[in-house]
There are 2 protein chains.
Amino acid sequence: MADASVPSFKAADLVIELSSTPKNKQDEVTFGNNFTDHMLTVDWSASEGWQAPLIKPFGNLSLHPACSSLHYGIQLFEGLKAFRGDDNQLRLFRPMLNMSRMSNTAKRACLPAFDQSEFLECIRRLVEIDQDWVPHSDSGSLYIRPTFLGTEQSLGIKKPAHALLYVILCRVGSYFNSGAESLSLWADPKYTRAWKGGTGNYKMGGNYGCSLFAQYEAEDHGCQQVLWLYGEDHQITEAGTMNIFLHWINEDGEEELATPPLDGIILPGVTRQSILELTRKWGEFKVTERYLTMSQLCSALKQLRVKGVFGSGTACLICPIGHIVYQGENLHVPCQDKKSQLASRIAKELTDIKYGRTASDWTFLV
Amino acid sequence: MADASVPSFKAADLVIELSSTPKNKQDEVTFGNNFTDHMLTVDWSASEGWQAPLIKPFGNLSLHPACSSLHYGIQLFEGLKAFRGDDNQLRLFRPMLNMSRMSNTAKRACLPAFDQSEFLECIRRLVEIDQDWVPHSDSGSLYIRPTFLGTEQSLGIKKPAHALLYVILCRVGSYFNSGAESLSLWADPKYTRAWKGGTGNYKMGGNYGCSLFAQYEAEDHGCQQVLWLYGEDHQITEAGTMNIFLHWINEDGEEELATPPLDGIILPGVTRQSILELTRKWGEFKVTERYLTMSQLCSALKQLRVKGVFGSGTACLICPIGHIVYQGENLHVPCQDKKSQLASRIAKELTDIKYGRTASDWTFLV
């Protein structure tokens, strides 16, 4: 529903220029390389407001070399997916959560507001136009990348008077080739992903570039991702670009699924929220947003109270953690066999919703 | 001198394409808008290394919409200036400090290394070509903006396999119109500029975009810039995008010029370093890199031990602070009359070096 109080572009004003040279639809080789034929762009300026949204052939952006998104990280993005169901219907998964998070991030980045439903309808039209790119497969999907840039053309650090909102699409396979694989994490307090009073709870570009260096140090230590710690007590916060969950018998002897609370340094993941809502609905064990420290995890591992640790995110869905390298120790995290473990059960329920096998109001039809 | 151990482009390979349509050279109206006729670009790829550097007419960049500098803030910049001396000779001020900081930032951002002297020589050639843009004035200068972007064309978060190094120039006037004016700062611990284990000591784009929101909240409180605090004890770190100096009688009754130490959250400013070196050479008072908290500053203000507070940076040089709004109080910071205060004396010595009135090995001839 359009919110009349926000000056916004309208989906009804969409201008569509179809590509005359559609590409061959290859299967994905590397994540995020296999772009479709079209893109959506919407220009904004402080003087003229939002322009009509435009769907046009996929192609390069022409940006002024002083563009504020290139110098000051005035940029943000979202990530969601379109799935082709067994019924051949295309579905998005809870896209209004992405629209809402994107609006929050735009406010934090001093970029202009827009009507979330109008933007979603423009995205729906784009996916509809490139619908043949959505794989006929229950492991593949079409990754949707909304992006929002400050395009101010001068070097002073200020609220941009020009901005560009755009969406690109790419065909993706399953995130990890081997479904049975579990990740190894490198946990070193010397790097911090996000901090109180910063932007860790928003999807701004600067949160990601600054993480790369630690990622390569993790690989030098034989690990695949970073386990980001925070504070003197080495709080567990996120794993790579995923939220993190601990399934354990807690200090009070209760079975618990726990994830760090949204206190400003944790990205409010759509998969995170869905896992919390799903498992709370089951009512089979305690589901908690709480602080978790490395010393609590180490004690629980020693006392065999850990049932599993997994990361969650749009790209990977659910990813079990098998090892954590911390303070010179390689901590083994138990991963139960695939069928019995909680991670697999959650992944199956969410996948069944996404591919339309289970009816749910969490899906949005294209 | 070229460092043969770093694979790098060479200034000797410069390709020069002169503009056939030079612009009118207007005086600056707003900081950072008044770009010259040419720019320098150097392409890099993991497979082919550095390409030959190119000086060409100033114009837009053509970037893939998945470009990693636009999504993940894999971007960094530098800022330095060229001055036209009374002798009509053009000078840069300690440019190798910028080259060195840029190399450090590139490493942190997982962007490739280059030979600093070769890059400086390319910049010198660019300034030489656009030399008529350097103002004939002792308050104006030519601002030089080296920029370095990851230009990977896929959405995975990884070390870019493509990168673009470029330099643009713009004519700038004095940073503040009224030379007598002092700044008011808003100090609220709810926003944090940088944190241990992050990138606050590097010139990465993400450090700046995330500061905008606080900047506008400062303006809502009637202040011009943010005084960035850190930690439970409200350490004073930076002011806006400037380093900060306190000139006072310290707790031990000594006259002292103090600035926060380079502990990972402070940008190692070229002006900061030059002020420290200059005043240490004078030997007239204690010069210290030390932690300073708001409670220390408040006590000193009450006891009339503060002689002045000022910010330093390439854009503004030296900027006296007149007021700090902190915890509901508007703290008045004494600013002595212009001629007697330390800030003016330092500014004059540095300006005399930059415009060639005082001979110094801190200048680099164009």
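With Rg and the Kirkwood Rh both taken from Cα atoms, where does Rg over Rh land for region A:11-173?
0.98
For the ranges A:90-97, B:141-148, A:215-222, A:348-355, what's the packing order if you count other beta-carbon atoms within 10 Å of each residue, average per peptide, and put the highest first?
Packing proxy ranking, top to bottom: B:141-148, A:90-97, A:348-355, A:215-222.
For region B:114-177, what Kirkwood radius comes out of the mean inverse Cα-Cα distance, in Å?
14.1
When only C-alpha pairs under 8 Å and at least 6 residues apart count, what is the relative contact order of chain A, in percent?
About 18 percent, as a whole number.
Under a point-charge model restricted to the Cβ atoms of Lys and Arg (+1) and Asp and Glu (-1), what is the dipole moment magnitude of chain A relative to its Cα centre, in debye to the nearest 20?
Around 160 debye, computed over chain A.
Would you mind calculating the relative contact order of region B:11-173 from Cα pairs under 8 angstrom and at least 6 residues apart, reporting the percent as a whole number?
34 percent.
Taking the Cα centroid of region A:28-90 and of region A:132-196, what is the distance between the two, rounded to the nearest whole Å?
With region A:28-90 and region A:132-196 each reduced to a Cα centre, they are spaced 11 Å.
Tell me the angle of helix B:95-108 to the major Cα principal axis of chain B, expressed in degrees between 0 and 90 and rounded to the nearest ten.
It works out to around 80 degrees.
For region B:273-314, rounded, prolate or oblate, judged on the Cα gyration tensor with a ≥ b ≥ c (square roots of eigenvalues), a/c < 1.5 rounded, else prolate if a/b > b/c?
prolate
Hey, what do the phi angles of region B:53-66 turn into as Karplus ³J(HN,Hα) couplings, whole Hz, using 6.51/-1.76/1.60 and θ = phi - 60°, x for Gly and Pro?
Each residue's phi maps through the Karplus curve to give x, 10, 9, 9, x, 4, x, 5, 8, 9, 10, 4, x, 9 Hz.
Over 5 Å intervals from 0, what percent of Cα-Cα pairs in region A:104-252 sits in each interval?
2, 7, 12, 14, 15, 16, 15, 12, 6, 2, 0, 0
Quick one: Cα centre-to-centre distance for region A:294-366 and region B:206-273, in angstrom?
Distance between centres, Cα-based: 42 Å.
Let me know the charge dipole size of region A:11-173 about its Cα centre in debye, to the nearest 20, where only the beta-carbon of Lys, Arg (+1) and Asp, Glu (-1) is charged.
Result for region A:11-173 is approximately 540 debye, rounded to the nearest 20.
Nearest 5 is fine: what % of DSSP beta bridges in region A:183-354 come out antiparallel, could you say?
70
Sequence-distant or interchain residues sharing an amide H contact under 5 Å with B:I321, placed H: which?
B:L183, B:V309, B:F310, B:G311
Taking the inverse of the average 1/r across all pairs of different Cα atoms in region B:184-249, what Kirkwood radius in Å do you get?
That comes to 12.4 Å for region B:184-249.
Taking a temperature of 25 °C and a viscosity of 0.890 mPa s, what whole-number D in µm²/s does Stokes-Einstein yield for region A:252-366 with Rh from Kirkwood over alpha carbon pairs?
157
As I understand it, the value is the acute angle between the Cα axis of helix B:270-282 and the longest principal axis of the Cα atoms of chain B; what does it come to in degrees, rounded to 10?
50
At 222 nm, what value in deg cm²/dmol follows for chain B if DSSP H runs of at least 4 each add -39500 (n - 2.57) and the sum is divided by all its residues, to the nearest 500?
Helix-only estimate at 222 nm: -6500 deg cm²/dmol.
Work from the charge dipole of region A:183-354 (Cβ charges, +1 for Lys and Arg, -1 for Asp and Glu, about the Cα centre) and give the residue of A:H323, A:M204, A:C298 farthest towards its positive end.
A:M204
Over the whole of B:55-64, what's the average partner chain Cβ count within 10 Å per residue? Rounded to a whole number, please.
The per-residue average across the peptide is 4.
Nothing charged except the Cβ atoms of Lys and Arg (+1) and of Asp and Glu (-1): what's the magnitude of the dipole of region B:183-354 about its Cα centre? Round to the nearest 20 debye.
480
Amide H of A:H64: which non-local residues (sequence gap of 5 or more, or other chain) have their own amide H closer than 5 Å, using H built in the peptide plane?
Here B:L61 satisfy the definition.
Region A:1-98: D in µm²/s via Stokes-Einstein (Kirkwood Rh, Cα pairs, 10 °C, 1.306 mPa s)?
Taking Rh from Cα pairs, D becomes 94 µm²/s.
With a/c under 1.5 counting as rounded, go ahead and sort chain A into rounded, prolate or oblate using the C-alpha gyration tensor (a ≥ b ≥ c being the square roots of the eigenvalues; past the cut-off, prolate if a/b is larger than b/c, else oblate).
prolate
Out of residues 5 or more away from B:K81 or on other chains, whose amide H comes under 5 Å of its own, with H placed 1.01 Å from N in the peptide plane?
The answer is B:F93, B:I144.
Between their Cα atoms, which of B:K56/B:K203; B:K10/B:K56; B:K10/B:K81 are more than 19 Å away from each other?
The pairs that break the limit, which is 19 Å between Cα atoms, are B:K56/B:K203; B:K10/B:K81.
For region B:116-125, take each phi angle, set θ = phi - 60°, evaluate the Karplus expression 6.51 cos²θ - 1.76 cosθ + 1.60, and give the result in whole Hz per residue in order, putting x for glycine and proline.
So the Karplus estimates, Gly and Pro as x, are 5, 6, 5, 5, 4, 5, 5, 5, 4, 5 Hz.
If a/c stays under 1.5 just call it rounded; otherwise compare a/b with b/c (prolate if a/b is bigger, oblate if not). Do that for region B:233-308, with a ≥ b ≥ c from the square roots of the Cα gyration tensor eigenvalues.
Oblate, because a/c is 1.5 or more while a/b does not exceed b/c.
Compactness ratio of the protein assembly as shown: Cα Rg over 2.2 N^0.38 Å, N = residue count?
Scaled against compact globular proteins, the figure is 1.00.
Calculate the mean, over all residues of peptide A:191-200, of how many other protein chain Cβ atoms lie within 10 angstrom of the residue's Cβ.
Per-residue shielding by partner chains comes out at 6.
If packing is taken as the mean number of other Cβ atoms within 10 Å per residue, what is the order of B:105-112, B:326-333, A:48-55, highest first?
By packing density, highest mean first, the sequence is B:105-112, A:48-55, B:326-333.
State, to one decimal in nm, how far the label point of B:D13 lies from the label point of B:S100, with both points 7 Å from Cα in the Cβ direction.
About 2.7 nm separates the two model spin labels.
Pairing the Cα long axis of helix A:342-354 with the longest principal axis of chain A, what angle in degrees results, from 0 to 90 and rounded to the nearest 10?
Rounded to the nearest ten degrees, it is 20.
How well do other chains shield peptide A:257-268, expressed as the mean number of their Cβ atoms within 10 Å of each residue Cβ?
0
Once the Cα gyration tensor of region A:183-354 is diagonalised, what are the square roots of 5 times its eigenvalues, in whole Å and ordered largest first, as equivalent ellipsoid semi-axes?
They are 23, 19, 16 Å, listed largest first.
FYI, it's all coordinate maths here, none of it is from the lab. Just so it is clear, the structure is predicted and the values come from calculations on it, not from any experiment. Note that each Cβ is placed from the backbone with ideal geometry, even for glycine, and that neighbours are counted across all protein chains shown.
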